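The values are calculated or read from the model by the stated rules, or taken from the named source; none is laboratory data. What you are looking at is a predicted structure, and each value in this text was computed from that prediction instead of being measured. Cβ coordinates were reconstructed from backbone atoms using ideal geometry, including for glycine residues, and neighbour counts include every protein chain displayed. In case anyone asks, the SASA skips ligands and DNA or RNA and just uses the protein heavy atoms, side chains included. Shrake-Rupley method; radii C 1.70, N 1.55, O 1.52, S 1.80 Å.
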Amino acid sequence: MTTTPLIGLEVHVELKTKSKMFCSCSADHFGKSPNTQTCPVCLGLPGALPVPNQAAIDSCIKIGLALNCSVNHLSKFDRKQYFYPDLAKGYQISQYDQPFCENGFITLDSGKKIGIERVHQEEDTGKLQHTTIKGEKVSLVDYNRSGVPLVEIVSKPDLSSSDEAKEYLKKIHEIIKALGVSNADMEKGEMRLEPTVNVHIEDEKGSHYTPLVEVKNINSFNFAQQAIDYEIKRQIDDFISSGIEKSNTNKTTRGYDSIKKVTFLQRTKEEAKDYRYFPEPDIPPFVIDDIYVENLKNSLPELPDQVVANLVGLGVEIKFAKIIAKDGSMLKAVLELRDDREIDIPKLASLLANKKISVGKNLKADYQSLNKKGNTNEEELTKIVEAIIEANPGVVAEFKKGKTNVQGFFVGQAMKQTAGSADPQTLSKIVSKLLNQ
Ligand code: ZN
Ligand code: MN
């Protein structure tokens, strides 16, 4: 029997725009006192009209572009109907068949491409608070979060292990942060993860797929990984004992209990038809032109993979490049010193990444004093010069023909390799001694 997990991910990201998606209430809702940031629109009162937030749509499309999606020239909002107390209007304004962005991909470090099905815009719901007042258990609703702009990123089920899923999620997180469109703080619910998992099983009887399971609202990479691993094992065990295969009616939604480390059944999953999607009649469709998309594309910052590639281009080891790319101040320091001839960038990067030195006004001095210890003794320098001489027979030949000023070349090279920490006089002495041997 062979088993291949099929994992897809839905990621919801709360945008950090000033105002909400369809009204002028503040979108900065975290920790604010309940129901102080609401209006008829985000409370879903009859007759209130939504006005789309341009900044949110820009951010949504930027995310799509950063994930290599194409932007649809024609797009619209749709109503997704369902009943829940935190959903003021009885429907969520989302996008159904014409999202802003579709058909992108993310490349994992292995080179494997993970398809992005769509990146669409929608609005967040309110929040329920279950509490006890005067001895009575009550559920309260806070609508401050109702209508905050959300972007949903849906991958294809191309991931085949929880490690790949985790790497994918980390890359999404880094890209969102680099774009500056969200703080994506998972503890505050600004980025929420929903893996969809099933398993392709081949045995002597043929090819089978286990029923699809969507695990809802996970708020850490590790929990997502644990939930996926748990599901893979549970589904294989379940198939072996029951033989039940995937059908159109047996998709379910499960929660993840991070204390017991298990998933648990929440409800049988709604299908698209259960949501009775239809075009949002209060918002006209969007016609998106190339110039607008081109301008957004040009406004994108350098993305994390490109930053890493640039550092590797400077000779930095990839594992250190990844650490530095994630740390704004380290990255800035490395790039500022890039053209400083007394500094060996790969060495500086390794010292920073290993926390041997830290960013600050003494960085260069600290770097040089650290290097002195290792490099200034004569034995060490002799080895370095010997290697340079061996690597440059042409220059040595010129020296032997009488061009004595090429000595400066060897001194310069050795100086570079020791990152400027060698004593020039000692170095000259060694160079001249070795060349005249
Ligand atoms: Zn409002
Ligand atoms: Mn959604």
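Summary of values
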| quantity | calculated |
| --- | --- |
| Selection within segment 1-31 - within 16 Å of ligand 1 (Cβ to nearest atom), open to solvent by 20 Å² or more (accessible area, probe 1.4 Å) and outside any loop (DSSP other than H, G, I, E, B) | 19, 26 |
| Complete set of residues in segment 130-150 that are away from ligand 1 (no atom under 16 Å from the Cβ) and farther than 11 Å from residue 35 by Cβ | 130, 131, 132, 133, 134, 135, 136, 137, 138, 139 |
| Test for residue 322: is it out of contact with any strand residue (DSSP E or B) (no Cβ under 7 Å at 6 or more places or on another chain), free of Cβ contacts under 8 Å to residues at least 24 places away in the same chain, part of a loop (DSSP other than H, G, I, E, B) and outside the structural domain of residue 427 (by TED's automatic domain parsing) | no |
| Segment 228-243 residues that are open to solvent by 40 Å² or more (accessible area, probe 1.4 Å), paired with ones that are basic (Lys, Arg) and part of a loop (DSSP other than H, G, I, E, B) (beta carbon under 7 Å, 6 or more apart) | 230/261 |
| Matching residues, segment 75-130, being among the charged types (D, E, K, R) and within 17 Å of the chain's Cα centre (by Cα) | 109, 112, 113, 117, 118 |
| Strands (runs of 3 or more DSSP E) completely within segment 32-124 that count 1 or more residues being in contact with an Asp or Glu (Cβ under 6 Å, 6 or more places away or on another chain) and buried (at least 16 other Cβ atoms within 10 Å of the Cβ) | 78-81, 91-94, 113-123 |
| Leading residue by the ranking (farthest from residue 248 (Cα to Cα)) among those in segment 191-208 that are outside any loop (DSSP other than H, G, I, E, B) and free of Cβ contacts under 8 Å to residues at least 60 places away in the same chain | 206 |
| The one condition in (1) charged (D, E, K, R); (2) more than 12 Å from the chain's Cα centre (by Cα); (3) buried (at least 19 other Cβ atoms within 10 Å of the Cβ) that residue 171 fails to fulfil | (2) |
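Residue-wise test of (1) under 27 Å from residue 123 (Cα atoms); (2) open to solvent by less than 40 Å² (accessible area, probe 1.4 Å).
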site: 144; (1), (2): yes, yes
site: 162; (1), (2): no, yes
site: 182; (1), (2): yes, yes
site: 204; (1), (2): no, no
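Residues are listed down the side, and each one gets a yes or a no for (1) in contact with a Lys or Arg (Cβ under 9 Å, 6 or more places away or on another chain); (2) in the same structural domain as residue 16 (by TED's automatic domain parsing); (3) under 24 Å from residue 153 (Cβ atoms):
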residue: 185; (1), (2), (3): no, yes, yes
residue: 189; (1), (2), (3): yes, yes, yes
residue: 194; (1), (2), (3): yes, yes, yes
residue: 220; (1), (2), (3): no, yes, yes
residue: 227; (1), (2), (3): yes, yes, yes
residue: 241; (1), (2), (3): no, yes, no
